[in-house]
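> Just dropping this structure here.
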Number of protein chains: 2
Amino acid sequence: MTTQQLHEQILLKKSFLCVGLDVDLTKIPEHLLETEDPIFEFNKVIIDATHDLAIAYKPNTAFYEAYGIKGWLSLQKTINYINEKYPDIFTIADAKRGDIGNTSSMYAKAFFEDLKFDSVTVAPYMGKDSVEPFLAFENKHTIMLALTSNEGAFDFQTLITNGTELYKQVLETSKTWKNSENLMYVVGATKAEYFTEIRKIVPDSFLLVPGVGAQGGSLSEVCKYGMNNKIGLLINSSRAIIYASKGTDFAEKAREEALKMQQEMEEIMSLKFKV
Amino acid sequence: MTTQQLHEQILLKKSFLCVGLDVDLTKIPEHLLETEDPIFEFNKVIIDATHDLAIAYKPNTAFYEAYGIKGWLSLQKTINYINEKYPDIFTIADAKRGDIGNTSSMYAKAFFEDLKFDSVTVAPYMGKDSVEPFLAFENKHTIMLALTSNEGAFDFQTLITNGTELYKQVLETSKTWKNSENLMYVVGATKAEYFTEIRKIVPDSFLLVPGVGAQGGSLSEVCKYGMNNKIGLLINSSRAIIYASKGTDFAEKAREEALKMQQEMEEIMSLKFKV
């Protein structure tokens with residue numbers, strides 16, 4: 001999917017909601033545990049219930065790897081289900097990978113070719129040659145960690161180096177990499193006041209924003225400081241939507257939560273763009 | 001495995017060699033491609049041929065994920081094979097993971113509990129709460145990227161912050177984390193002159209050292225500056241050993257290469273410790 005197509009989907013659905021599929025077997029409705037593949041069954045129902053309100057789904061690979069082969073199989077079935085049934089949905093493998101060049105190529109192959117995700121998240125610590133192998137894939141997107149939503153973000157990301165914070169240096173430097181137009185960035189919603197500065201460095205890039213909801217970030221604040229002329233935001237919500245209920249009404253409740261967010265997004269878009 | 005047991009294995013085998021199992025189907029002997037699980041068959045033969053010369057094996061997860069479910073199955077069979085047949089071997093999942101707290105816990109569960117590795121490599125960018133969930137596992141080890149062997153290491157890791165390089169700050173800060181005694185660090189062999197400074201910060205920690213061989217690092221230089229009183233080094237070699245031959249003699253040639261390294265290590269140990 002191109003960023004232009006992603007933008008069109010946002011306008012069409014009046015939504016820039018990404019639903020995080022971080023499925024923990026201890027948190028899903030009990031009646032699903034009797035099925036052959038509870039994680040996939042859960043995802044399928046959540047996706048069917050929210051696909052017209054969301055423009056992206058983001059399984060975090062950790063939650064699948066924790067269940068070994070069975071988990072990896074659930075991940076594969078989930079991405080196949082989305083790609084076949086909802087081809088206009090943007091898919092994100094939240095994997096936070098990164099390694100030396102030839103190894104990063106293998107990760108890119110895993111997520112772009114084998115699993116057929118539109119995008120994958122990567123970590124910047126190992127620098128240029130750890131990220132460029134991902135960028136080489138046409139119409140695929142590499143979402144690099146910049147300023148994350150967790151407390152530990154302040155350990156290293158905000159250290160001052162060359163007169164500026166490390167995460168800003170990461171943003172600046174990444175713009176010089178080959179095929180950098182295929183980059184997007186992770187910026188946590190819990191740090192809304194940082195978006196103004198970030199937009200000075202990467203005015204046009206899509207930002208994937210976790211941390212709204214359970215982690216305490218504010219949607220309106222993020223939009224106020226982070227939205228660009230083409231929206232440029234993918235706001236992720238995981239737990240607040242997928243675990244809205246643990247009962248047999250979990251799909252309905254998930255839809256209600258997604259709808260609330262979509263409506264808030266529609267209002268923000270109408271105020272800003274009169275759409 | 002405890003670090004004490006690891007040290008004992010080093011003394012017993014007169015080796016601190018780690019063999020990297022980065023298996024690429026395009027590089028292994030063709031006759032193996034006809035078997036049901038070529039990656040596992042290859043690993044099994046390599047392990048059997050080198051287990052008395054190496055103290056650790058390190059599959060890089062990227063090479064397994066690139067082959068999807070089949071790859072993950074090969075990884076599982078490989079770690080099970082080592083754990084069952086050679087329980088004294090130290091195992092490293094070279095995965096370079098890291099995420100917010102509850103997600104890092106899932107990764108820790110994946111590698112320590114599901115796959116039963118002794119250790120896993122992690123990336124530091126997301127800070128304390130992205131690493132501490134790994135450190136919580138008793139007798140398991142978390143090997144954090146400090147200064148990597150690739151060119152991109154100079155993009156961010158060596159930036160000056162608070163008057164010192166970022167990678168040194170990473171080392172210093174990590175020592176304050178809960179259960180930091182379970183930390184080891186990745187330091188590239190291509191940067192041997194940095195080891196003196198690193199040893200001032202983490203004198204007692206084990207360092208996992210990639211980059212000897214194919215990437216150009218020197219074993220004797222690394223030992224000169226990086227070895228401590230308990231050796232404290234795990235020197236990794238991947239391609240130089242496992243791809244020593246693409247013929248039917250690949251096991252024999254891999255053993256020859258591993259033996260060369262082990263003998264060099266034995267000599268270094270005898271000069272330094274008179275063992």
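What follows draws every value from the coordinates through simple rules; no lab data is involved. Keep in mind the model is a prediction, meaning the values are calculated, not measured. Cβ: placed from backbone, ideal geometry, glycine included. Neighbour counts: every protein chain shown.
> Enter the Cα centre distance for the pair segment B:1-72 and segment A:163-192, rounded to the nearest angstrom.
36 Å
> Return the Cα extents of segment A:3-273 along principal axes one, two and three, sorted largest first, each rounded to a whole Å.
55, 46, 34
> Residue A:25 label points, 7 Å along Cα→Cβ, one per copy: pairwise distances from this copy to the rest in nm, shortest first?
Once sorted, the set of distances for residue A:25 reads 2.9 nm.
> Straight-line reach from residue A:116: which aspartates and glutamates have Cα under 12 Å away, leaving out those fewer than 8 places along the same chain?
Leaving aside aspartates and glutamates fewer than 8 places away in the same chain, those within reach of residue A:116 are A:84.
> Can you give the alpha-carbon Rg of the protein assembly as shown over 2.2 N^0.38 Å, where N counts its residues?
After normalising by residue count via 2.2 N^0.38 Å, the value is 0.97.
> If you put a point 7 Å past Cα along the Cβ direction, how far is that point for residue B:139 from the same point in each other copy, in nm, smallest first?
5.2
> Can you find, among B:93, B:208, B:9, the residue farthest towards the positive end of the dipole of the protein assembly as shown? Put +1 on the C-beta of Lys and Arg, -1 on that of Asp and Glu.
B:208
> How large is the charge dipole for chain A, taken about the Cα centre, if only the Cβ atoms of Lys, Arg (+1) and Asp, Glu (-1) carry charge, to the nearest 20 debye? It would help to have the intermediate numbers written out before the result.
On the way: 29 positive and 37 negative charges, 126 e Å.
Taking the Cα centre of chain A as origin, the dipole is about 600 debye.
> Using the Karplus equation 6.51 cos²θ - 1.76 cosθ + 1.60 (θ = phi - 60°), what ³J(HN,Hα) coupling, rounded to whole Hz, does each residue of segment B:182-194 give in order, writing x for Gly and Pro?
Going residue by residue, I get 8, 8, 10, 9, 8, 9, x, 5, 6, 10, 4, 5, 7 Hz, with x marking Gly and Pro.
> Sort segment B:27-70 into rounded, prolate or oblate with this rule: let a ≥ b ≥ c be the square roots of the eigenvalues of the Cα gyration tensor; rounded if a/c is under 1.5, and if a/c is not under 1.5, prolate when a/b is larger than b/c, oblate otherwise. Mind dumping the intermediate values first?
Working: a/c = 2.59, a/b = 1.30, b/c = 1.99.
It comes out oblate by the Cα gyration axes.
> On to the next question. Could you pull the copy-to-copy label distances for residue B:246, with points set 7 Å along Cα to Cβ, in nm to one decimal and sorted shortest first?
Distances to the matching label points in the other copies: 5.5 nm.
> Along the charge dipole of the protein assembly as shown, Cβ charges K/R +1 and D/E -1, which of B:145, B:262, A:237 sits furthest on the positive end?
After comparing all options, I get B:145.
> For segment B:231-268 and segment A:106-128, what is the separation of their Cα centres, given in Å?
30 Å
> Can you flag which of A:178/B:128; A:109/B:77; B:13/B:191; A:27/A:253; B:96/B:260 are past 20 Å Cα-Cα? Could you put the intermediate results ahead of the total?
On the way: A:178/B:128 31 Å; A:109/B:77 22 Å; B:13/B:191 27 Å; A:27/A:253 14 Å; B:96/B:260 29 Å.
Exceeds cut-off: A:178/B:128; A:109/B:77; B:13/B:191; B:96/B:260.
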